[in-house]
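Some notes on the structure that comes next.
The values are calculated or read from the model by the stated rules, or taken from the named source; none is laboratory data. The model shown is predicted, which means the values in this text are computed figures rather than measured ones. Every residue, glycine as well, gets a Cβ built from its backbone with ideal geometry; the counts of neighbours run over all protein chains shown.
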Amino acid sequence: MTRLLSSALALSKRLFNLIFSFFYSIGEIVDFFLDCVKYFITEKFYFNIFLKQFIKIGFNSLPVVGLTSIFTGMVLALQSYTGFSRFSAESAIPNVVVLSITRELAPVLAGLMVAGRSGAAIAAEIGTMKVTEQIDALKTLSTNPFNYLIIPRILAGIISLPILVIVGDIIGVLGGYLICVNLLNFNPTVYLQNTYNFVQFIDVFSGLVKASVFGFLITFMGCYHGFNAKGGAQGVGQSTTYSVVSSSILILLMNYIITSFFFRL
Amino acid sequence: MRKKKIIVKNINKSFKNKVVLKKLNLDVFESESLSIIGESGSGKSILTRCIVGLLDYDDGSISFGKLDNIKTLSDKEKMNYMSKFGILFQNSALLDSLNIRENLKFANKKNSLNEILSEVGLPQSILEKYPSELSVGMQKRVGLARAILKKPEVLILDEPTTGLDPIIARQINLLIKNLVRKKKITTITVTHDMDSVYEFADYVAFLKNGIIEWYGKARKINQSKNSSMIKFIKGIN
């Protein structure tokens, strides 16, 4: 009986610690976010760093996002054909392709790709700077690390992701077009007309809103985990893993939340 | 007449359950070179980080000139306070995404870089190189150049000779000695290296288990009766 009681006590203690550390982490993330907002409003903005990051996160991710989009569009056209041909609804394929790409696939896949590529790089770079005291050096050189390292990256993420998604939308639709026209013998003009007539502003807009939010999540989590890296190389590796895992999960979670918000409109 | 520059009064610092600094008291005097020595984990680097403002201490106070307790400074005031220090970090901490010119310009945009490079014994050809292209000794020299370029009130040297071979370590010690003597700058050096102490320290503080066990003139260090310090100096564990 005593053993049972003590193990129950130990279990509840562990559970309490787990819940406590969860809420503590949330508190720290919120604190980090508020610091970002405060320093963004009150201190210097490094436009040249922002531009560098915009190119790194946005422009340099174009090949990855482009490839992901074109293959997704192609697969989507093929799979839709398999299903729709069973009840003679092949003409709906352009509509399904454009809707799926703009509302869902382009933003989510671009988000996940950029999280793996740029989010990890941000966490590794800032984490290395943290453990090698470069961030401390910045502070003693009268430079606020939030303004120099964090804010330009977050803004670059927020702005570059929607642009990447617009490119992804076009390439994804093109992928579907190539399959339908070249493989499934669709009329090219009719395909394009169907696509153009069917797509609405809200479809593209909701995808861009998602992209902006994902851009924020990816860069914010990368910066947060990098900035809080501890120890040496192991700590940097851990921060990179945390950054990719947390931003990927948050992308999927926010995707649902934003989708349900636009669903009600 | 010695004039106090930094007064550390009864400061405590602990991490979770580990107490690192225990009611520590220390005075740093203007234009003097103080070396803080002690074994690894004795709290030397934590103490200097508290003095610079990179780390908050739990209680006690650190005063700098007319500033009473640096813990009470606002973010902006703390940033200004930190700019009074020039720091040579243990790993030099040069910004590796910037070349040497950009690294040095970060510290002071106005000063001539050629002058400072010749002071630390580096050729101008390194200006366009990146930190990763330099040897550890050269990185230390650039770190030192960056630290003095901003004309700090206090120079902090964190393990200036760690990771260097004896010949380069000697060169760095001589370089620091010449700079400290020439510029008459208040210097705090955290070191394991007794050669650094003998070379350029005026005063020495021996730190053990978070307290100053011995404080005195560097030239009297070998007359000390403190057994822990004697063991440390002789390299006996």
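Would you please list the contacts, defined by Cβ atoms under 7 Å and residues six or more apart or on different chains, that run from a residue in segment B:137-158 that is away from chain A (no Cβ under 12 Å) to a residue that is outside any helix (DSSP H, G or I) and small (G, A, S)?
B:K140/B:S92; B:R141/B:G121; B:I148/B:G86
Select from segment A:108-131 the residues that are surrounded by fewer than 24 Cβ atoms within 10 Å (Cβ to Cβ) and within 11 Å of chain B (Cβ to nearest Cβ) and write down the one among them that is farthest from A:D169 (Cα to Cα). Walk me through it before giving the result.
Start the filter on segment A:108-131 by keeping residues that are surrounded by fewer than 24 Cβ atoms within 10 Å (Cβ to Cβ), which leaves A:108-109, A:112-113, A:116-117, A:120-121, A:124-125, A:128, A:130-131.
With within 11 Å of chain B (Cβ to nearest Cβ) added as a condition, the list becomes A:125, A:128, A:130-131.
Details: A:E125: 30, A:T128: 35, A:K130: 37, A:V131: 40 Å.
Of everything passing the filter in segment A:108-131, A:V131 is farthest from A:D169 (Cα to Cα).
In contact with an Asp or Glu (Cβ under 9 Å, 6 or more places away or on another chain), more than 14 Å from chain B (Cβ to nearest Cβ) and either assigned to a helix (DSSP H, G or I) or among the small types (G, A, S) (or both): does that describe A:I171?
no
Sort through B:G163, B:G137, B:G121 and tell me the only one that's more than 21 Å from B:D96 (Cβ to Cβ) and over 13 Å from the mean Cα position of the chain (by Cα).
Result of the check over B:G163, B:G137, B:G121: B:G121.
Among the numbered criteria (1) part of a strand (DSSP E or B); (2) closer than 30 Å to A:A121 by Cβ, which single criterion is violated by B:R101?
Only one criterion is unmet by B:R101, namely (1).
Select from segment B:65-85 the residues that are away from chain A (no Cβ under 14 Å), surrounded by fewer than 13 Cβ atoms within 10 Å (Cβ to Cβ) and either of a type in the set (V, I, T) or in a helix (DSSP H, G or I) (or both) and list them in ascending order.
Across segment B:65-85, the qualifying residue is only B:T72.
Do you know which of the residues in segment B:86-96 that are at pLDDT 90 or above and at the interface with chain A (Cβ under 8 Å from one of its Cβ atoms) is farthest from the chain's Cα centre (by Cα)?
Top of the filtered list is B:D96.
Exactly one condition in (1) surrounded by fewer than 20 Cβ atoms within 10 Å (Cβ to Cβ); (2) over 19 Å from A:G73 (Cβ atoms) is not met by A:V181; state its number.
(2)
List the helices (runs of 4 or more DSSP H) inside segment A:1-105, counting only whole elements, that have at least 2 residues being basic (K, R) and closer than 30 Å to A:P145 by Cα.
Working: elements: A:2-42, A:47-57, A:62-84, A:93-100.
Passing ranges, in order: A:47-57.
Suppose we keep only residues that are among the acidic types (D, E) and within 22 Å of the chain's Cα centre (by Cα) within segment A:22-61. Which one would you say is nearest to A:S246 (Cα to Cα)?
A:E28
Out of segment A:132-151, which residues are within 9 Å of chain B (Cβ to nearest Cβ) and either modelled with pLDDT of 95 or more or part of a helix (DSSP H, G or I) (or both)?
A:Q134, A:I135, A:D136, A:A137, A:L138, A:K139, A:T140
Out of (1) surrounded by 18 or more Cβ atoms within 10 Å (Cβ to Cβ); (2) away from every other protein chain (no Cβ under 14 Å), what's the single condition that is false for B:E115?
B:E115 satisfies all of (1) surrounded by 18 or more Cβ atoms within 10 Å (Cβ to Cβ); (2) away from every other protein chain (no Cβ under 14 Å) except (1).
For segment B:135-233, list the helices (runs of 4 or more DSSP H) that sit wholly inside it and hold at least 2 residues that are farther than 14 Å from B:S33 by Cβ and touching a His at 6+ places or on another chain (Cβ under 6 Å); which are they?
Working: elements: B:136-149, B:166-183, B:194-200.
Once the helices (runs of 4 or more DSSP H) in segment B:135-233 are filtered for at least 2 residues that are farther than 14 Å from B:S33 by Cβ and touching a His at 6+ places or on another chain (Cβ under 6 Å), nothing remains.
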